[in-house]
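Let me begin by presenting the structure, written as structure tokens, before commenting on it.
Nothing in this text is a laboratory measurement; each read-out follows from the coordinates by a stated rule. Quantities reported herein were computed from a predicted structural model and do not represent experimental measurements. Ideal geometry is used to build each Cβ from the backbone, glycine not excepted, and the neighbour counts take in all protein chains shown.
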Amino acid sequence: MGEHQVEAKTPAETPFERAVETAKRVRANVETVVQGKTAQIDLVIATLAGGGNVLFEDVPGTAKTILARSLAGSIDGAVMSRVQCTPDLQPTDVTGLSVFDQRSREFEFRPGPVFANVLLVDEINRAMPRTQSALLEAMAEHQVTVDGVTREVPQPFFLMATENPLEQEGTFPLPEAQLDRFFVKTELGYPAPEQEFDIVRGQREAHPITRLRPVVTLDDVRELMHAIEDVYVDDVILRWIVDLVRATRELEETTVGGSVRATIALDRVARARALLDERDFVQPADVEALFLPVMTHRVAFTPAFLGEARRMGRDEALATFQRRCLERAPRPEPDPEHELRVLGRPA
């Protein structure tokens, strides 16, 4: 246990109810520090619950680091590490390395920052490809191999990476194989004017994160991650998820569509979003809301569509992409005789 004791919780009747309470506590705690970003915070918590990783593509100064610190600080006993990526960063700077001990005459492994519960990889596209690839095994298998020895990273393990869309000189774009390891890609963006006013006023004496206290335990987070397995997804919706991802491979606007890993990610994050909404079943709205965060970084668009996107703007272009996928894979309509097959768990 950490220095601060987690506040006693009202007993919940079921694991699902306890998981919902865990998610609500973490959300409320993080929002005391990162204001006005409820949707993005929910997306991060849903990705954590789904066992995935998050990629933020955003300009500097939008609270990405603070979000990671707030998430880790909300979990009693959680270890957080940060890696500031630069072109001279070596793979062993991330994974750790074996050092020869003169007294014992043996090599001793010294773990790197990847051995943490919450890992922030800042400006990942500034690291060399060899260093970027050192993270792949941890992201996919929750383990790292150094000097032929495989070691598991702590559980839960949650990686948040950032990349700056500006100043592309001296950067190394992530290859498709590594982008596919991220469940979702999103951004925080600048706060609204009134929220920015409150942020500046609230930091006159000290940053709100200095007052942050843990509200859940690591065991609570593990139970949250396990609880999404019990969130019901009807076969009608699951087939629709498969069809939606397959549609990204068939559009004239794309050269590469979403992988099977994208289908799995969309299913798992939809389950987690339902749980955050205090439902034990997935609705079509969950899938539609998560389609772009799960899919856009996995898809390669044709030059013609990219040119069209520059003309119409990024948001409108992505909305057009989603609309064309939905035209190929329409949203399932409730069956009057078997409505619960789509909208919830069968009676």
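For the reader, a short list of remarks on this structure follows.
- For the chain, the residue among A289, V215, Q84 whose Cα projects farthest onto the positive side of the dipole built from Cβ charges is Q84.
- In a DSSP loop and with at most 11 other Cβ atoms within 10 Å, the GluC sites (Glu not before Pro) in region 11-90 are E13.
- Of interest is the spacing of the C-alpha centroids, which for region 187-246 and region 89-153 amounts to 27 Å.
- Hydrodynamic radius (Kirkwood) for the chain, which is based on Cα pairs only, to one decimal in Å: 21.6
- E308/D219 FRET efficiency (R0 56 Å; Cβ-Cβ; nearest 0.05): 0.70
- Nitroxide proxy distance, nm - points 7 Å out along Cα→Cβ at K24 and F197: 3.1
- Charged side chains reduced to their Cβ positions (Lys and Arg at +1, Asp and Glu at -1) give region 15-226 a dipole of some 540 debye around its Cα centre.
- Ranked by the mean number of other Cβ atoms within 10 Å per residue, highest first, peptides 70-77, 84-91 order as 70-77, 84-91.
- For region 51-128, applying the loop criterion from DSSP together with a ceiling of 11 other beta carbons within 10 Å to the trypsin sites (Lys or Arg not before Pro) yields R103, R105.
- Candidates L97, L174, L166: whichever shows maximal mean-square fluctuation once the chain is modelled as a Gaussian network with Cα springs under 10 Å: L166
- With contacts taken as Cα pairs under 8 Å at a separation of at least 6 residues, the chain carries a relative contact order of 22 percent.
- Close amide-amide hydrogen proximity is noted between V79 and N117, V118, each under 5 Å apart and 5 or more residues distant or on a separate chain (H modeled in the peptide plane; Pro and chain starts excluded).
- The slack in the chain from T92 to E229, taken as 0.36 nm per residue of separation less the alpha-carbon distance, amounts to 45.8 nm.
- F301 long-range amide H proximity, modeled H, under 5 Å: T255
- Here the spin labels are modelled as points 7 Å beyond Cα on the Cα-Cβ line, and at L136 and E13 they lie 4.9 nm apart.
- Put a dot 7 Å past the Cα of A319, heading toward its Cβ, do the same for V79, and the two dots end up 4.6 nm apart.
- For the chain, adding -39500 (n - 2.57) for each run of n ≥ 4 DSSP H residues and dividing by the number of residues yields -13000 deg cm²/dmol at 222 nm.
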